[in-house]
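Visitor: My structure is below; once you've seen it, I'll send some questions.
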Amino acid sequence: MRRDAHRSPHQGHWHAGAGGKQDAAAAGSRRARLTGALALVSLTVAGLVAPTTAAGAAVALPRQAGTDRLSAWTACGKGLECATLPVPLDYAHPGKGTIDLAVIRRLAADPARRLGSLVYLEGGPGVSGVDSIRTYPELFDKAVRDRFDIVGFDQRGVGASGPVHCLTDQQKASELSGSAVVPHRAAGAGAGAGAGAGAGRLAGGSYSGSSPAVSSGIAGSAHGSSPAPATGAPAGEAPARESEVLAGFDETAASDRLAARGCERLSAALLPYLSTEFAARDLEVLRAALGDDRLTAYGGSYGTELGATYAQLFPTRIRALVLDAVVDPRLSANDPFAETRLQALGFEAAFNAFLASCASDSNCGFGHGDPGGAYDRLIARLAKHPIQVEGKDADKTRSVDDSTAITAVLQLLYSEEQWPILAAALQLADDYNDGSVLQALADQGSGRRPDGTYDNSFDANTAINCADQTYPTDLAVFRRFVRDLSRDAPRFGASLALGGMTCAFWPVRSADRYTGPFRAEGSPPILLIGTTGDPATPYAEARSLAGQLANAVLLTWRSYTHGAYEGPSTCVHDAVNRYLIDLVTPKPGTVCA
């Protein structure tokens, strides 16, 4: 499973302990996939349409007029310029029309020393890259902002770029509130602005949330070392969450079927053309339209899958490419259940680390010395007796159940810097029956705005996932997966196991999608960054892609955080900045503390 619903990027930030920089993007998330022979098409530098060789290298065909030029740049905010870029709906059949991509840029602060454009590849999929550039002027360090125009765009189907629609706001309010929503694997680890005053009141800055040393996977195999399964139900007894998910299986299937049919009803003409391969070809058109001879780009989470796909299709068009919080596109394409298992184990391990940190710190108020037991009891209680959202402006018609709480917990596990907020949110719910913080965070996970409307991130996330990945149509397979995964990851496995089930009902086939190999022969060195305790894109995926690429360097950071460059490590920042500016990679095997 990639990411099942929206985790809004950059929803504010909060820092535990010393150090830290503004979070650049949020979680999730994070794929070029699917088996089967494909007649691949591609673009040349000028936006030409081309089939590919068996290895995926681009071959030129005649260009389609009018699909490689940006509109005039216009001011669209302080220091910002916006434009649109028409790209072919279907590169193999240019006569089918175009999609206008929304593009934004912040010009280099030192134009005399400008090196070119740095394109930001947002995560999700489904998160707006335009919004990220607009909202976070310090997405990159000053040394980088001085030398590059920072460029973002909305991937096709996302935000302002031909947005796909699947459910109405009323349907989302009903359907997304009834099950745990897995946050997008977006390009960073920001805490939610919606965490609210309650979290700050209880955290008080005293519980630092410091984690134990993280080393799992560094010395492991190509797929890393799996964390030991967490303790849960007694031997021979199904975890409570597994039983609940299986009891509601038919209702979940009906909801997923509704979403798939809604996508077809509202966006049928767009659905075949939303794969990551199409987005990679759009990126090549954007590179040429920006006037850069070669691409300089940073991708986080799902953006790494987009970047890896681009690298395979256009390896000689790369100047510098950073892939941070790495998705293994081959695994995602061909075995999404295996990827989901890695992610479930990652969240379980991160949560266990949080519990150990909380239990060892007297300033952590949740659980009063037994946070693990308190959490399990709280989830069981919320399943039977949901609690209200407190506060003078609270919507009393909404309640917080176990699914809402799990969505919020997953949201906050994207960064160990958010552990104090996690402790405070759980303490409010457990000690005071106040679900306000949990509800606010869960709303971010589903893309719900304060006025009750929703952005299209859930729709885009669903449509791009189903364009890229293959899932079985036999629902019995999903039932078995719930049982298997809940035993390996008893707290989160059952909630994550059904993440791809909407794709079992998917009504269309993707016109083109790339599933491997991912060698990028002929590329310059590509910098990969893997975080050893990353729950959303586990370290094993970074190790795997590093082994697949012909010319890659893997930089490792020890932390329970999704996305390294958005974290406080000076070692990581210095390495990324030097690579982007001077094209110097860190030494192989470098590990940042």
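The values are calculated or read from the model by the stated rules, or taken from the named source; none is laboratory data. Remember, predicted model here, so these are calculated numbers, not experimental data. Positions of Cβ are backbone-derived with ideal geometry, glycine not excepted, and every protein chain shown enters the neighbour counts. Keep in mind that these areas ignore ligands, DNA and RNA; they rest on the heavy atoms of the full protein, side chains included. Shrake-Rupley method; radii C 1.70, N 1.55, O 1.52, S 1.80 Å.
Visitor: For the stretch 75-116, which positions are at positive phi and more than 29 Å from the chain's Cα centre (by Cα)?
Guide: Selection gives Gly97 alone.
Visitor: Same structure, new question: Among the residues of the stretch 378-396, write down those that are open to solvent by 60 Å² or more (accessible area, probe 1.4 Å), under 21 Å from Gly248 (Cβ atoms) and outside any loop (DSSP other than H, G, I, E, B).
Guide: Arg381, Lys384
Visitor: Regarding Arg281, is this residue farther than 30 Å from Asp488 by Cβ and open to solvent by less than 10 Å² (accessible area, probe 1.4 Å)?
Guide: yes
Visitor: In the set Lys172, Lys142, which member is open to solvent by less than 10 Å² (accessible area, probe 1.4 Å) and either over 16 Å from the mean Cα position of the chain (by Cα) or at pLDDT below 70 (or both)?
Guide: On the way: Lys142 fails: open to solvent by less than 10 Å² (accessible area, probe 1.4 Å).
On inspection, the qualifying residue turns out to be Lys172.
Visitor: Still on this structure: Could you give me the residue pairs with C-beta distances under 6 Å whose first residue belongs to the stretch 564-590 and is farther than 15 Å from Phe140 by Cβ, whose second residue is of a type in the set (A, V, I, L, M, F, W, C) and assigned to a helix (DSSP H, G or I) wherever it lies, and which are 6+ apart or on separate chains?
Guide: Pro586/Ala575
Visitor: Sticking with this structure for a sec: Filter the stretch 403-435 for residues that are among the charged types (D, E, K, R) and buried (at least 21 other Cβ atoms within 10 Å of the Cβ) and give the result.
Guide: Passing the criteria: Glu416, Glu417, Asp430, Asp434.
Visitor: Would you check if there is a residue in the stretch 289-305 being open to solvent by 10 Å² or more (accessible area, probe 1.4 Å), of a type in the set (Lys, Arg) and either in contact with a strand residue (DSSP E or B) (Cβ under 8 Å, 6 or more places away or on another chain) or assigned to a loop (DSSP other than H, G, I, E, B) (or both)?
Guide: Yes: one or more hits.
Visitor: If the requirement is being assigned by the TED database to the domain that holds Ala497, on the phi > 0 side of the Ramachandran plot and surrounded by 24 or more Cβ atoms within 10 Å (Cβ to Cβ), which of these qualifies: Gly452, Gly447?
Guide: On inspection, the qualifying residue turns out to be Gly447.
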